[in-house]
Amino acid sequence: MRLLERMRKDWFMIGIVLAIAGAKLEPSIGVNGGPLKPEITVSYIAVATIFFNSGLSLKTEELTSALVHLKLHLFIQIFTLAFFPATIWLFLQLLSITPINEWLLKGLQTVGCMPPPVSSAVILTKAVGGNEAAAIFNSAFGSFLGIVITPLLLLLFLGSSSSVPFTSIFSQLFMTVVVPLIIGQIVRRYIKDWLERKKPPFGAISSSVLLMIIYTTFCDTFSNPNIDLDKFSLVLILVIIFSIQLSFMLLTFVFSTRNNSGFTPADTVAIIFCSTHKSLTLGIPMLKIVFAGHEHLSLISVPLLIYHPAQILLGSVLVPTIKSWMVSRQKKLLQTREPLANLNNPEGLEFLSIKFGH
């Protein structure tokens, strides 16, 4: 029973493994021009379905309460969409002299360019007891920003690697990402009560469609005899990804807990997760559009496919530690405020005079 429960809980991770294995066994099914017709079903229908689903599930009314905390939002968005990709680019200049597969290194750069995820950062922030409203706002707002900024970052850091013209990329992004997202938000207004009552499995729907995209992406890889991925590069990329995540989590923690930062312990929790997590749900479709027809697309996608489960695993392991820190920090802040509060009212002064015998 425990095994079945575990499989039910981690079905998406198992699905990724099965999708890649299925692509390896029979790549001809999911290649361009194959029976699945991914050039239509994936490039347009599947991607549009994911973003329509995102628009339908995003509770915009919950974000308004978090809107006023401008400093926190600026910190997260600048770190995620500017500092993160720029730092990775500098790091990759050093790694370029190593024997690591160059397309995996390019894949690491694409990870840096991705927006925050809509789900995992929020779930982990909630599990710790951090500022959930801020996590929801920044995950959603970052996703919206990512629609425009991520393709620009990819083209900036990776140059003209894509065989698709710039205008074609953005027209396809607009039709398959922006339009479905807006339509989803409009439809949500009319069926909001039904959605609140029935609670459709939005996450499971998007994840299922995403598995199809992953499957067809790897079908292209395994049907290309010129692509060879060495295990040495893969292991090193795995180690690098965990190192990047831990380093950036520590960095955001240090910056957000300084005396003059103005952030509460609950804010710090949201900052740690939202600033360092990257979206697979938005990332893979975007890579599919930006690098459409590229023979190394699947190798470029590998670091993002590793980063996604790694961030959930690492975040889950650190939840008890971060929660313990937040609770103890909040208690200390409360204890320092109580004497000040007592000094500001007559009853408090009377209490202090009795306590110290004056």
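The values are calculated or read from the model by the stated rules, or taken from the named source; none is laboratory data. Note that the structure is a prediction, hence the values are computed from the model and not measured. Cβ: placed from backbone, ideal geometry, glycine included. Neighbour counts: every protein chain shown. The area values use the complete protein model at the heavy-atom level, side chains included, leaving out ligands, DNA and RNA. Shrake-Rupley method; radii C 1.70, N 1.55, O 1.52, S 1.80 Å.
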- In Å², what does the accessible area per residue of the stretch 1-334 work out to with a 1.4 Å probe? 48
- Go through the stretch 89-97 residue by residue and turn each phi into a ³J(HN,Hα) via Karplus (6.51, -1.76, 1.60, θ = phi - 60°); whole Hz please, and just put x for glycine and proline. 4, 5, 4, 6, 5, 6, 6, 5, 8
- Specify which residue in the list 320, 18, 38 is farthest towards the positive end of the charge dipole of the stretch 1-334, using unit charges on the beta carbon of Lys, Arg (+1) and Asp, Glu (-1), about the Cα centre. 320
- Item | Size of the stretch 1-334 as Cα extents on the principal axes (Å, biggest first) | 63, 53, 50
- Using a 1.4 angstrom probe with every protein chain in place, what is the largest-first accessible-area order of 258, 188? 258, 188
- Expected field for residue 207, accessible surface area in Å² at 1.4 Å probe radius, rounded to 10, holds 30
- Task: For the stretch 280-329 and the stretch 65-137, compute the distance between their C-alpha centroids and round to whole Å.
- Result: 9
- Could you pull out every residue, at least 5 positions away or on a different chain, whose amide H is within less than 5 Å of the one on residue 131? Hs are placed 1.01 Å off N in the peptide plane, and Pro or chain starts have none. 267, 269, 270
- For residue 106, counting only lysines whose alpha-carbon sits under 28 Å away and dropping same-chain residues fewer than eight positions off, the answer is 24, 37, 231, 278, 288
- Message: Let me check something: with ligands and nucleic acids excluded, how do 256, 247, 57 order by accessible area (1.4 Å probe), largest to smallest?
- Response: 247, 57, 256
